Amino acid sequence: MSTDRADIASLPRRLDGAVHVDEAARAAAGDDFGHIVHRSPDGVVVAGSAGDIVDAIRWTAGRGGHLAAQGQRHSTFGRAQVRDGVVADMRGLRDIGPVARDRVTVGAGATWGEVLAATLREGTTPPVLPDYLGLSVGGTLVVGGVGDTSWRCGLLSDNVIAMEVVTGTGELLTCSATEHADLFDAVRAGLGQVAVITAATIRLTPAPEAVRWYHLSYPDLGTMLQDERLLARDGRFEALEGAIVPVDAGGFAFRIEAARFVTGDTPADEPLLAGLRDERALRKAMTLTYADYRDRLAALERALRANGQWFFPHPWLNTFVGDAQVERVAAEEVGRLHPATDLGEFGRIVLFPLWTRAIGSPLVRLPSQPLVFTFNLLRVPPTDDPHEADRLVRDNAAAYRRITAAGGTLFPVSALPLSPGEWRRHFGPAFPRLAAAKRRYDPGNMLTPGYPVFPPGPAA
Ligand SMILES: Cc1cc2nc3c(=O)[nH]c(=O)nc-3n(C[C@H](O)[C@H](O)[C@H](O)COP(=O)(O)OP(=O)(O)OC[C@H]3O[C@@H](n4cnc5c(N)ncnc54)[C@H](O)[C@@H]3O)c2cc1C
């Protein structure tokens, strides 16, 4: 970018927020949850208004630089980072509400935990939430966003009604299915390529009072998958997830975590679990408040912060695999893993079904089968050795090749280097839609270089 930091420091005169050019702020903006890629920007604009994003984009574009929004920096591969330009810290835009019966408008920098706390006070909830509530609304809408109710309610990006965004040309626009629909469809799961989201209107449904939560254990992968298919078909639980987890003795355990949302009387367990093939002696059932259930990863976060592994590299690989291939692909990939070093004691492979008909965001890439499965390698290695992280990123690339050869697709929150040509192949038939929106809304290709979907230079 043709400027220096003193020049950036002159920006706040026009801003409602603030600008930071100090080493600490720039270094923090050059790190993320992955701790694998590090690129520091020239400065950090803490947005105080949507107008600040307009100014920051126009100012940066005028100097030939790039801009990336940062939500909670939970990317695992530098996706919110910028080397030559400016990071827009969205945490200043976190206003919520007022909460209406069926929707709420929130600042894109709010976390899902903050959104849920506000809606629960009115007895409502977003129909889909990510498992981890510490993610920002904007950071998840641009990747799609999967949760435990996605199998029937779709992704987070399928449950947004409208968005206020600033395009790469510095235009502040509102988009929805009926207003600037091309922009709406290119922002949802569009990897931040055409606009920065400043606010989003999220759909709401009545919140249950409580949750009856079951942990079911399986002797093997095939039996677990059979029950996941059964539960996706009969819909007896509102929330459905599953995982392959490393066990102390070595090897893996196979688990389904299913939840019935309860308002009024707690249901009897036996009829709810009828016909399932889990190991009955290992069944666990508990009743939680809905708020506690939603915050169920908080204890794991505390444990990982305490043992330091929260701050170690996290080379995650997230994919979708079709029902017809899932058993073979999962068995082969699990067979290649060394539990202790490739996943870690706290790591897991998240494996649960989704109906493709529930998912409508056009840029989300899924295998073309009615039922697909997440296959997510959530690696929590017990070391901060960067060579080990590099090895696991290489393993991700090899696994990704095998999974796509079997018809699988990427959930693009992964630690995986892809060239613009590979991103183009990832988007496949959806690419022309994204490319057209890029030409229209970010022709200078200045937004979100951490996802190198388009080659450097103006969008052709
Ligand atoms: C512990 C943990 C748990 C997770 N659980 C889930 C889960 O349950 N479901 C799921 O789907 N994913 C999950 N993820 C992945 C997560 O959704 C993505 O990494 C997400 O992008 C991170 O959101 P963030 O707010 O931290 O965004 P950041 O890391 O700050 O940004 C991510 C990307 O979004 C862009 N961006 C951020 N804000 C905006 C904005 N306002 N407008 C435009 N672009 C923006 C950034 O430039 C960057 O490219 C998890 C990640 C972690 C680390």
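Taking packing as the residue-averaged number of other Cβ atoms within 10 angstrom, the listed peptides 141-151, 93-103 run from highest to lowest as 141-151, 93-103. Taking the Cα centre of segment 5-90 as origin and assigning +1 to Lys and Arg Cβ atoms and -1 to Asp and Glu Cβ atoms, the resulting dipole is close to 200 debye. Sequence-ordered 3J(HN,Hα) estimates for segment 73-90 from the Karplus curve with 6.51, -1.76 and 1.60 and θ = phi - 60° stand at 6, 9, 4, 10, 8, x, 5, 9, 9, 9, 8, 10, x, 10, 9, 9, 6, 7 Hz, glycine and proline given as x.
From the alpha carbon centroid of segment 43-95 to that of segment 193-228 is 30 Å. Couplings 3J(HN,Hα) of segment 213-227, computed from phi: 10, 10, 10, 10, 10, 10, x, 7, 4, x, 5, 4, 5, 4, 6 Hz, in residue order, whole Hz [Karplus 6.51 cos²θ - 1.76 cosθ + 1.60, θ = phi - 60°; x for Gly and Pro]. Considering the options Val187, Leu221, His20, tell which one lies farthest towards the positive end of the dipole of the chain, charges being +1 on Lys and Arg and -1 on Asp and Glu at the Cβ, about the Cα centre. About the Cα centre, the residue reaching furthest to the positive side is Val187. When the charge dipole of the chain is built from unit charges on Cβ atoms (+1 for Lys and Arg, -1 for Asp and Glu) and taken about the Cα centre, the candidate among Ala274, Ser75, Ala406 whose Cα reaches farthest toward its positive end is Ala406. For segment 228-234, 3J(HN,Hα) computed residue by residue from phi via the Karplus equation (6.51, -1.76, 1.60; θ = phi - 60°) reads 4, 5, 4, 5, 5, 6, 8 Hz, glycine and proline entered as x. Which of the listed residues, Pro455, Pro429, Val393, is farthest toward the dipole's positive end in segment 389-460, when Lys, Arg count +1 and Asp, Glu count -1 at the beta-carbon? Looking along the dipole axis, the top candidate is Pro429.
Judged by the mean number of other Cβ atoms found within 10 Å, the most tightly packed of the peptides 185-196, 407-418 leads the ranking 185-196, 407-418.
Might you report the magnitude of the Cβ-based charge dipole of the chain about its Cα centre, with Lys and Arg at +1 and Asp and Glu at -1, to the nearest 20 debye?
Numbers: 48 positive and 54 negative charges, 176 e Å.
The calculated dipole for the chain is roughly 840 debye.
We did not get these values from a lab; they are worked out from the coordinates using the rules stated. If you're wondering where the values come from, they're calculated on a predicted model, not measured in any experiment. No Cβ is skipped: glycine too gets one built from the backbone with ideal geometry, and neighbour counts run over all protein chains shown.
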